[in-house]
Amino acid sequence: MLYDQQLAAQKLHRWEEILKERALPSWEQLPVLELYMDQVTSLLTEYLSFLPKEEGADSVVTAAAINNYVRKKIMPPPVKKRYSRVHLAYLIMICSLKQCVSIAYIQQILPLGLTEDQVRTLYDRFAERHRRTCLYFSEQISGFAEKLFGGNAAPESGVADLVVTSAVLSGLTRLLAEEFILLHTPGETES
């Protein structure tokens, strides 16, 4: 398969910039006022603009998906059809994680029944890990792009190699995450 090397280089540069600039909102940046469903989906689309939208959807997450997360007890239910910071934190984590692990595994990663302070701590740690990982990945992309487009790689193989390498990395990363999720002992708390 042939690829436009210049377009691919531009795409990689753009992706690198997105990763450097994109940080999840801090707990303090989440709205204090409780929101209705349409406000939640709109806000999540803004916060998670780097994620792919669900097929046929205008937002990163649909109302049906959110209702399903509540029904499956992956996140707490809204109070009088309103969603708080706690709900937004859960939804940001769920939407981010579902890109690489199943909902069943997410349910194991994100415990229910936490106090607001505990959710804040969990979310703050998640957002910081997300930020650090984006920066690390950005550095890796930069190095990989330099090797691919720096003149040493055959033009017809550079992008194809990137596609295969990205797919393999994605699969291996998912397997690693799932293996460690399976090591968790029910009832065990993280220090």
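The values are calculated or read from the model by the stated rules, or taken from the named source; none is laboratory data. What you see is a predicted model, and the numbers here were worked out from it, not measured in a lab. FYI the Cβ positions are ideal-geometry reconstructions off the backbone, even for glycines, and counts take in every protein chain you see. Note: accessible area is taken over every heavy atom of the protein model, side chains too, but ligands, DNA and RNA are not part of it. Shrake-Rupley method; radii C 1.70, N 1.55, O 1.52, S 1.80 Å.
Could you say whether any residue in segment 120-133 is at pLDDT 85 or above, open to solvent by less than 60 Å² (accessible area, probe 1.4 Å) and over 20 Å from LEU19 (Cα atoms)?
The answer is yes; a qualifying residue exists.
Is it true that TYR90 is crowded, with 17+ Cβ neighbours inside 10 Å, farther than 21 Å from ALA23 by Cα and either free of Cβ contacts under 8 Å to residues at least 40 places away in the same chain or in contact with a helix residue (DSSP H, G or I) (Cβ under 6 Å, 6 or more places away or on another chain) (or both)?
no
On the given criteria, is GLU16 part of a helix (DSSP H, G or I), open to solvent by 40 Å² or more (accessible area, probe 1.4 Å) and closer than 19 Å to HIS130 by Cα? Spell out how you get there, then give the answer.
Numbers: part of a helix (DSSP H, G or I): yes; open to solvent by 40 Å² or more (accessible area, probe 1.4 Å): no; closer than 19 Å to HIS130 by Cα: yes.
Spelling it out, it is not the case that GLU16 is part of a helix (DSSP H, G or I), open to solvent by 40 Å² or more (accessible area, probe 1.4 Å) and closer than 19 Å to HIS130 by Cα.
Which residues, counting only those in segment 27-51, are within 15 Å of ILE92 (Cα to Cα), in contact (Cβ under 8 Å) with a residue 40 or more places away in the chain and loosely packed, with under 13 Cβ neighbours inside 10 Å?
Result: no residue meets the conditions.
Can you tell me which residues in segment 52-86 are assigned to a loop (DSSP other than H, G, I, E, B) and open to solvent by 50 Å² or more (accessible area, probe 1.4 Å)?
Answer for segment 52-86, where residues must be assigned to a loop (DSSP other than H, G, I, E, B) and open to solvent by 50 Å² or more (accessible area, probe 1.4 Å): PRO52, LYS53, GLU54, GLU55, GLY56, ASP58, LYS72, LYS73, PRO77, LYS80, LYS81.
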